[in-house]
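Please read the structure below before turning to the comments.
Any read-out appearing in this document is the output of simple, stated calculations on the displayed coordinates, not a laboratory observation. None of the values given here were measured: they were computed from a predicted structure. With ideal geometry, Cβ positions are generated from the backbone for all residues, glycine too; neighbour counts draw on all protein chains shown.
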Amino acid sequence: MISIVVPVLNESANIAALLELLDKNIAKAEQTEVNIVDGGSQDSTISLAEAYIDKVNYSLQVLRSVPGRGTQMNFGANASKGEVLYFLHVDSMPPEAFDQKINQYVAKGHRAGCFRMRFDDNHILLKFCQWFTRINMKFCRGGDQSLYVERALFEQLGGYNETFGIYEDCEFTGRLYDAKIGFVVIPDTVTTSARKYRTNGTWRLQYHFTVIHLKRFFGANPEQLVDYYKKYIH
């Protein structure tokens with residue numbers, strides 16, 4: 001069984017599209033559950049998600065958590081039943097039969113992995129960046145690619161580090177690589193929204209993301225990363 005965990009906060013504009021896409025692209029709905037974990041939305045995210053509970057073929061839960069994406073993902077994982085956890089952003093759309101593809105790689109001994117990624121925008125910089133998601137090295141990873149991991153391994157590593165207000169995906173994926181468990185990049189593509197690039201400016205945002213990665217590489221703590229993010233990214 002695969003448990004899909006989706007952290008959300010004020011995502012009324014995107015939640016319905018994801019839930020409908022999952023209903024279309026999940027190959028084995030009877031072996032799949034989806035946990036939407038809300039971190040205190042002030043819009044209609046919760047009510048929109050709950051309206052789909054009786055509309056979709058898979059098992060759907062809407063959970064409430066304290067805010068913080070790492071905290072929400074840990075909460076959703078703890079409330080899940082599946083042997084495999086699949087962490088997905090609300091604006092990242094996985095490919096057809098993605099659940100079946102994940103299970104195929106788990107059966108081959110790959111205890112964790114992700115998909116390649118493309119943006120829903122043809123900006124030359126984004127096309128350049130998305131090409132690198134096919135490379136199986138930890139500096140090419142990001143949360144928008146989604147992430148699957150065996151529950152036992154997730155628990156062994158202690159889940160997401162909740163002290164990271166941002167960068168929690170990269171921090172956890174880095175630990176997966178360091179554990180040398182055969183991380184795989186599945187040669188199918190998740191399509192993710194470039195909405196933050198459109199809001200902040202593509203070149204400007206990529207510059208600040210690069211600075212954040214460099215700050216972490218040179219030892220910046222979680223609070224310093226959040227301070228920088230809040231100062232320059234909206």
Output row, site Thr199, 7 Å Cα→C-beta label point, backbone N cut-off 19 Å, window the range 34-69, residues 37-46, 67-69
When each of Lys81/Lys196; Lys28/Lys108; Lys28/Lys230 is checked by Cα-Cα distance, pairs over 29 Å = Lys81/Lys196; Lys28/Lys230
When the Cα centres of the range 189-207 and the range 55-70 are compared, how far apart do they sit, in Å?
-> 25
Virtual paramagnetic centre 7 Å along Cα→Cβ of Ala107, amide N under 20 Å, in the range 20-36 | 25-33
Using the Karplus equation 6.51 cos²θ - 1.76 cosθ + 1.60 (θ = phi - 60°), what ³J(HN,Hα) coupling, rounded to whole Hz, does each residue of the range 59-67 give in order, writing x for Gly and Pro?
-> 6, 10, 10, 10, 10, 10, 9, 5, x
Taking amide H positions as placed in the peptide plane 1.01 Å from N, state which residues far from Val37 in sequence (5 or more) or on other chains have amide H under 5 Å from it.
-> Val6, Val8, Leu63
Given the chain, what percent of its DSSP beta bridges are antiparallel, to the nearest 5?
-> 25
Of Val185, Val56, Val90, the most mobile residue in a GNM of the chain (C-alpha springs, cutoff 10 Å) is Val56
Evaluate the relative contact order of the chain (contact order divided by residue number), counting alpha-carbon pairs under 8 angstrom at least 6 apart; express in whole percent.
-> 21
Between Rg and the Kirkwood Rh of the range 10-142, both from Cα atoms, what is the Rg to Rh ratio?
-> 0.96
For the range 198-210, in order, what is each residue's ³J(HN,Hα) by Karplus, 6.51 cos²θ - 1.76 cosθ + 1.60 with θ = phi - 60°, in whole Hz (x at glycine and Pro)?
-> 5, 6, 9, x, 4, 5, 5, 5, 5, 4, 5, 4, 5
Report, to two decimal places, the Cα Rg of the range 132-190 normalised by 2.2 N^0.38 Å (N = number of residues).
-> 1.09
